[in-house]
Amino acid sequence: MDPSKISLPVLKNLSTDTITENVHMINTHNNPNPRLSYILDRLVSHLHDFARETRLSTKEWMAGLEFLTSTGQTCTDVRQEFILLSDIVGLSLLVDSMDHPKPTELGATEGTVLGPFHTHEANHMESGSNMSKDTEGEPLLVICTVKDTNGKPIPGISIDIWETDSTGHYDVQRPEVNKGEPDGRCVMTSDAEGGFWFKGIVPVSYPIPHDGPVGQLLVKLGRHPWRPAHMHFMFDGKGWDPLITALYVRGDPYETTDAVFGVKDSLIVDIKEVTDEAMAKKYDVKVGHKLLTYDFVLVSEEQSAKLRDQRAKEALEKLGRRVKIVDGLPVPDLD
């Protein structure tokens, strides 16, 4: 980048009153991307207003930078501390809810946080497989369907599924136990009737990793690091809006204080039992075996995009901002 070939506006007299407008002016002068301009405009405005409203001290500013630096340094191939940080301040859930809105009035399954422990190393398994090698966990039969908002089965949907072991750890947290092989996770495909079923273990509560900067922040805030028992699901198929969700066990002691704000009422489920011989025989389990059933409902990309655009315009109009939707994202409407 040759500075002699870049034409920029002359900065005005810089002060606490003029710094924001100067940053906006220089950020937008040569920027051809209206979405990037809009994001930076809002980011700079809110950051500067935050500093003004709190009268942010140099010491606090440096502490914040050191915290973010430490957060980055804690990240590894199997631990994403920034996702964890996003989770515990509610940003992850907010972004997912805005970017993948679900028309719940049509029965669509709501999304929730991805979490920091999804991987692409899971093995593809056929329905009926056992995805958990944990002999200490309580065996669980999971029977599910995937349908659209009209109740029509959706075949050929790819479903990522993952959960912790009975100690509350994901496989990537205990490679010495599973010898680096995927465990407690798999990928399945819905059948012609939109169904899939598998065997795992009854989910257990567990704490998010709290030995790093995010854990230190929770201590300062007087918060606990625990998540209620749950099982993750991620759905993907051509023409369908991606769904990242989880099912939470009803009655868990952390159901109402989830450290990452992931629990939604529609995602709380009961763990039941297989009660009749016919079902037990069909799924090769004994009567009394723990059972989880759920009917997932997906929305099309078109349904989600229309709802996302509508909600974006409504929300920004309430804030007094005129916008138009370009490539599914709001930008300032300057016409």
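Only strands (runs of 3 or more DSSP E) whose full extent lies in region 163-269 are considered here, and the ones with at least 3 residues that are among the aromatic types (Phe, Trp, Tyr) are 195-201. Within region 41-50, the set of residues being of a type outside the set (Gly, Ala, Ser), surrounded by 13 or more Cβ atoms within 10 Å (Cβ to Cβ) and over 21 Å from LEU85 (Cα atoms) comprises ASP41, HIS48. Which members of region 313-323 meet the condition of being closer than 17 Å to LEU40 by Cα and either among the aliphatic types (A, V, I, L, M) or outside any loop (DSSP other than H, G, I, E, B) (or both)? Listed by number, the residues that qualify are LEU316, VAL323.
One residue alone among ASP270, ASP265, ASP284 is among the acidic types (Asp, Glu), free of Cβ contacts under 8 Å to residues at least 24 places away in the same chain, under 30 Å from GLU163 (Cα atoms) and in contact with a Gly (Cβ under 9 Å, 6 or more places away or on another chain), and that residue is ASP270.
Yes or no: region 272-283 includes at least one residue that is in a strand (DSSP E or B), under 22 Å from the mean Cα position of the chain (by Cα) and closer than 28 Å to PHE196 by Cα. Checking region 272-283: not a single residue is in a strand (DSSP E or B), under 22 Å from the mean Cα position of the chain (by Cα) and closer than 28 Å to PHE196 by Cα. I'd like the residue in region 142-162 that is in a strand (DSSP E or B) and among the aliphatic types (A, V, I, L, M) and, out of all such residues, is surrounded by the fewest Cβ atoms within 10 Å (Cβ to Cβ). The residue in question is ILE143. The set of residues in region 226-261 being out of contact with any Gly (no Cβ under 8 Å at 6 or more places or on another chain), touching a residue at least 60 places away in the same chain (Cβ under 8 Å) and under 21 Å from PHE296 (Cα atoms) consists of PHE233, MET234, PHE235, ASP236, GLY239, TRP240, ASP241, PRO242. Being out of contact with any Leu (no Cβ under 8 Å at 6 or more places or on another chain), charged (D, E, K, R), closer than 30 Å to LYS152 by Cα and surrounded by fewer than 21 Cβ atoms within 10 Å (Cβ to Cβ) holds for only one residue in LYS220, LYS238, LYS199, and it is LYS238.
Set side by side, the residues ASP295, ASP309, ASP333 differ, and just one is surrounded by 13 or more Cβ atoms within 10 Å (Cβ to Cβ), without any contact (Cβ under 8 Å) to a residue 12 or more places away in the chain and either touching a Leu at 6+ places or on another chain (Cβ under 6 Å) or not small (Gly, Ala, Ser) (or both), which is ASP333.
Going through (1) in contact (Cβ under 8 Å) with a residue 12 or more places away in the chain; (2) within 19 Å of ILE83 (Cβ to Cβ) one by one, ASP211 falls short only on (1). Residues in region 51-103 that are at positive phi and surrounded by 12 or more Cβ atoms within 10 Å (Cβ to Cβ): GLY90 only. Exactly one residue out of ASP183, ASP148, ASP165 is out of contact with any Pro (no Cβ under 6 Å at 6 or more places or on another chain), in contact (Cβ under 8 Å) with a residue 40 or more places away in the chain and closer than 27 Å to GLU81 by Cβ, and it is ASP183.
Taken residue by residue, region 294-301 has at least one member that is under 23 Å from the mean Cα position of the chain (by Cα) and either more than 20 Å from SER158 (Cα to Cα) or in a helix (DSSP H, G or I) (or both). Within region 50-76, residues that are modelled with pLDDT of 95 or more reach partners that are in a loop (DSSP other than H, G, I, E, B) with beta carbons closer than 8 Å, at six or more positions or on different chains, in the pairs PHE50/LEU56; ARG52/THR16; SER70/GLY212; THR71/GLY212; THR74/GLY212.
The values are calculated or read from the model by the stated rules, or taken from the named source; none is laboratory data. Computed from a prediction, not measured in an experiment: that's the story for all the values here. Cβ atoms come from the backbone with ideal geometry, glycine included; neighbour counts cover every protein chain shown.
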